[in-house]
2 protein chains.
Amino acid sequence: MEVTWVAMAMTEGDRLAARSAEAECGRIPSPLPNLKMQLRYVVIPKTAYRKHYDIISNRVLWFLQHYLYDPSSNSFNYQRLQDAWRNGYRVANQAIAEAVNAEIERAETTPVVMLHDYHLYLVAAMIRERHPSIITQQFIHIPWPDSRCWHFLPSNITQEIYRGLVGNDIVGFQTERDARNFLEGARTILEGAEVDFEEGTVVWQGHRTLARAYPISISVTEERRIVQSLAGRRAAEKILPLLGEQTIMRVDRIEPTKNIPRGFQAYAQMLEEHPELRGKVKFLAFLVPSRQSLPEYKRLNSEVLKLVEEINARYGDASWKPIEVFCDNDRTRALAAMQFYDVLLVNPIIDGMNLVAKEGAVVNKRNGLLVLSRTAGAFQQLGKAAIPTSPLDVAETAEALYTALTLPPEERERRARLARQIVEQNNLQTWLTRQIEDINELLDLARLAAENEERQREQSEPESEPELAPSPLSLSAG
Amino acid sequence: MEVTWVAMAMTEGDRLAARSAEAECGRIPSPLPNLKMQLRYVVIPKTAYRKHYDIISNRVLWFLQHYLYDPSSNSFNYQRLQDAWRNGYRVANQAIAEAVNAEIERAETTPVVMLHDYHLYLVAAMIRERHPSIITQQFIHIPWPDSRCWHFLPSNITQEIYRGLVGNDIVGFQTERDARNFLEGARTILEGAEVDFEEGTVVWQGHRTLARAYPISISVTEERRIVQSLAGRRAAEKILPLLGEQTIMRVDRIEPTKNIPRGFQAYAQMLEEHPELRGKVKFLAFLVPSRQSLPEYKRLNSEVLKLVEEINARYGDASWKPIEVFCDNDRTRALAAMQFYDVLLVNPIIDGMNLVAKEGAVVNKRNGLLVLSRTAGAFQQLGKAAIPTSPLDVAETAEALYTALTLPPEERERRARLARQIVEQNNLQTWLTRQIEDINELLDLARLAAENEERQREQSEPESEPELAPSPLSLSAG
């Protein structure tokens, strides 16, 4: 199958690559040697890019969709918002849509378009406008809130988002709850929309869109390969001396949704309530700095490090450092370390899915347990195997950590095995296969419709050339 | 029909009444002469009452259910929350449940229990525990958020709330969206619950609960009677000299959800953008101070009055005062005034329903238009007749006000008539009738089941005395 990846140029390198000698009509071969695809960078002016990526995508949509927004305080500047929408978000979506449209027009067989995430809500409708019969599918990685939250944005923006998304044939979400929220929103935001909650469909202006849940996952084999690699084994050797008698770990981007401070507070509260654990239970935190161009993130960074220092000063001494923080982006080390946790703390305030919980479940070798937020998307699959917690309640999280550390071995083993099996049986392949099955069903329908039309046309004017739907997608094993 | 109203004693007067000579087993005749009912006050210690009413009900549940909560800031103190829950909310609910149980035990025929609102989430389960066959119904006046918001509370509290509510046979909400959010929450919060979204039911531990939408309304005749009363006519006389060439009005409790400051800001922005309206379009605001024991509310009070002064200083002069504020609780005056608005601004951030929008629609005599938040429950019924706005967007609200003021007369008339008809056809009677029909359906079912059981018992042991379900409720016309 021929694949072209259309992506926004983010860095100076991307911009150079798009203009390089290698580039042919804006396409370059994939930089990843094992992926047979072409890459097409879309370049827009830097100010438009900042308005698209920093302002609308990461300051507005990210926070709103993660419920990190109090409508009684004035956190958005609506004039700036409208400017960033017009001159950033729309510009970027238009540029991506044009590049996709160009690819569609150049393709020899009718392609299928798969779009990703909250940066591209307007693209599908822009493609459909030019190519009404192309099948488009969009997967949304982050939560989809109640329609009331969507109305916190200006009406023109909310409506454009919904009109853009129902340009798709399928919109995929992490959980059923997100898909239902999307449908409920369509009912009230798109005038004249017909929503069928049981079928999971919205019909608007004659076009039908399916809303589906496809919980995303990890490869499983790839994570285990990394752990077994030379680099993985070296990283493990360096982690081993840092473990306590028992070890809590967390692996997260430094990000408000991840709730890192409350995790450390819960650990401190546990040490306060159970002094016998001091000197015994360590906390290794693998934290990846993120979005440092946004002031909220910079502030959070220093807040987290300050809190760690305070807790270490309070509960540690010359011979024992309660919390050890690794503050960089080293996935191999994090995966290697997760072999050894007794408890993996995954306590996001809200999370679309949370893949760290799934990675931990399959690489851990110590019957380690998950302490998992009820508000993580992953809770729907892993809740049964985890110790649940309410993310904002430090006392409850402290208790959950204690429970996880003190559960009897056979129960630890049972839960760790259950978590592992759930992830093994619902890996990245499952995620992709389910989407491709749904797309193929639509392709079948389109082909049947085209064949019927052809037959009817043959009977009336036999010389005309019918347009056939593309052949079904197939997924290679790799 | 014999009705007993069980209510929490709120004031010193209530407490005295409960202990008065008139009281017989805690019951006193209704203070409202036209209602044939008895009143039973439930008295709990004042500290428990404050924890129940001020802390859990009004600071926690009210804000959470109105989405006025940013989970990344620490606005709840969880230790205080747990204390208020245990020693306030549970205590109050237990006391109410005991009083209701005593009434059930004293009643000559099997009663039906109707519970109201967010102060009493635990009562139904407490009644069911003692009287499993009693039919209980609870109507929730405020929004029901996405289950992710519920998980911002400690797990024990969230679970107790849901377990309490599924003690009811029917839970009523303002909108379909609220009912669906409730069902979605039941699916994830109540372990083992079976939720049927199409039927609108949740079955938990063998008991079935219906979730239904009953949009609340106003009497219509009562509001018009007040306007026509002597007091109403007198109030109107005093309002007339204050009107501008055109007049915007609002009637609200001074309450964060009502979004009063952004309403005044929108008016100011409109005067800024359309200087021709200065000296012509007035704004009369009927504001009722509310919950003055909570510091947030006090702050809002002064913030609102300060903003009014600023706008009046900026756009007014000796001969013209742009905004006129009436800051007290005079419903007759507000109703009388609403006859004369050209635009009624109802721009809550979030509102379960909003009855002011409905009152305005039926008492107004000038083809006045509603500017209405998309996030008000009333929007589902009145949206078509209103000029919609997104509550947080001051620019959009300013534009909506301008549109409402400048719409051609025939369109004003059409929309005003439509709004009036919608409210007339969906009045308080409709609201009550729909609930009673659903209750009667359950009573029918229970009677049929009891009769079947009786028939079977007669065949085996003919002497036994069957317990019959109560007779259906009927609603008198008054």
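Only the coordinates and a few stated rules stand behind these numbers; no lab work does. Predicted model only: the values in this text are computed from it and were never measured. Ideal geometry is used to build each Cβ from the backbone, glycine not excepted, and the neighbour counts take in all protein chains shown.
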Antiparallel %, DSSP beta bridges [both residues in the protein assembly as shown], to 5: 25
Built amide H within the under 5 Å cut-off of B:Leu369, gap 5+: B:Val343, B:Leu344
Helix A:155-165 vs. chain A, principal-axis angle (Cα, 0 to 90°, nearest 10): 80
Extension reserve of the A:Lys280-A:Asn156 stretch, reckoned as 0.36 nm per residue once the Cα distance is removed: 39.0 nm
Partner chain coverage, peptide A:372-379 - average Cβ within 10 angstrom: 3
Debye, to nearest 20: dipole size of region B:48-213, +1 on Lys, Arg Cβ, -1 on Asp, Glu Cβ: 500
Calculated FRET efficiency for the pair A:Arg86/B:Glu222, C-beta based, R₀ 45 Å, to 0.05: 0.40
Shape category assigned to region B:48-213 from the gyration tensor of Cα positions, a/c cut at 1.5: oblate
Ranking of B:Asp351, B:Asp328 by count of other Cβ atoms within 10 Å, fewest first: B:Asp328, B:Asp351
Using alpha-carbon coordinates, inclination of helix A:260-273 to the longest axis of chain A, degrees: 30
Scattering curve values for region B:221-425, log₁₀ I(q)/I(0), Debye with Cα scatterers, q = 0.10 Å⁻¹: -0.37
Cut-off 20 Å, label 7 Å out along Cα→Cβ of A:Glu424, residues of region A:373-395 by amide N: A:381-386
Residues A:Ser20, A:Ser373, B:Ser155, B:Ser219, sorted so that the one with the fewest Cβ neighbours within 10 Å comes first: A:Ser20, B:Ser219, B:Ser155, A:Ser373
Mean Cβ neighbour count within 10 Å, used as a protection proxy, ranking B:52-60, B:447-455 highest first: B:52-60, B:447-455
Footprinting exposure proxy for B:His141, A:His151 (fewest neighbouring C-beta atoms within 10 Å first): B:His141, A:His151
Karplus-derived 3J(HN,Hα), 6.51/-1.76/1.60, for each residue of region A:47-59, Hz, glycine and proline x: 5, 4, 4, 4, 5, 5, 7, 6, 7, 5, 5, 8, 8
For residues of A:174-186, the mean tally of beta carbons on other chains within 10 Å: 3
Cβ-Cβ FRET estimate between B:Ser73 and A:Thr109, R0 fixed at 51 Å, reported to 0.05: 0.45
Length added when fully stretched, B:Leu448-B:Glu2, from 0.36 nm per residue minus Cα-Cα: 158.2 nm
Pairwise centroid distance, computed over Cα atoms, of region B:338-392 with region A:330-348, Å: 53
DSSP bridge pairs, region B:221-425: antiparallel proportion in percent, nearest 5: 5
Computed FRET value (nearest 0.05) for A:Ala318 with A:Thr11, which takes r as the C-beta separation and R₀ as 35 Å: 0.20
Paramagnetic reach from A:Ser20 (point 7 Å along Cα→Cβ, amide N under 15 Å) across region A:35-76: A:37-42
Dimensionless Rg over Rh [chain A; C-alpha; Kirkwood]: 1.00
Residue-wise HN-Hα coupling along region A:195-210, computed from phi with Karplus coefficients 6.51, -1.76, 1.60 (Hz; x: Gly, Pro): 10, 10, 5, 6, 6, x, 10, 10, 10, 9, 6, x, 10, 9, 10, 8
Cα-based helix-to-principal-axis angle, B:295-315 vs chain B, degrees rounded to 10: 20
Proximal aspartates and glutamates to B:Lys298, defined as alpha-carbon separation beneath 18 angstrom and excluding residues fewer than eight positions away on the same chain: B:Asp54, B:Asp252, B:Glu255, B:Glu309, B:Asp328
GluC sites (Glu not before Pro) restricted to region A:135-227 and DSSP loop, no more than 16 other C-beta within 10 Å: A:Glu191, A:Glu198, A:Glu199
Calculated log₁₀ intensity ratio I(q)/I(0) where the Debye formula runs over C-alpha points of the protein assembly as shown, q = 0.09, 0.10 Å⁻¹: -1.12, -1.33
Chain lengthening between A:Asp117 and A:Glu199 when straightened (0.36 nm per residue, less Cα-Cα): 27.2 nm
Phi-based couplings in Hz for region A:448-456 (Karplus 6.51, -1.76, 1.60; Gly and Pro marked x): 4, 4, 5, 5, 4, 5, 4, 4, 4
For B:152-163, mean number of other protein chain Cβ atoms within 10 Å: 3
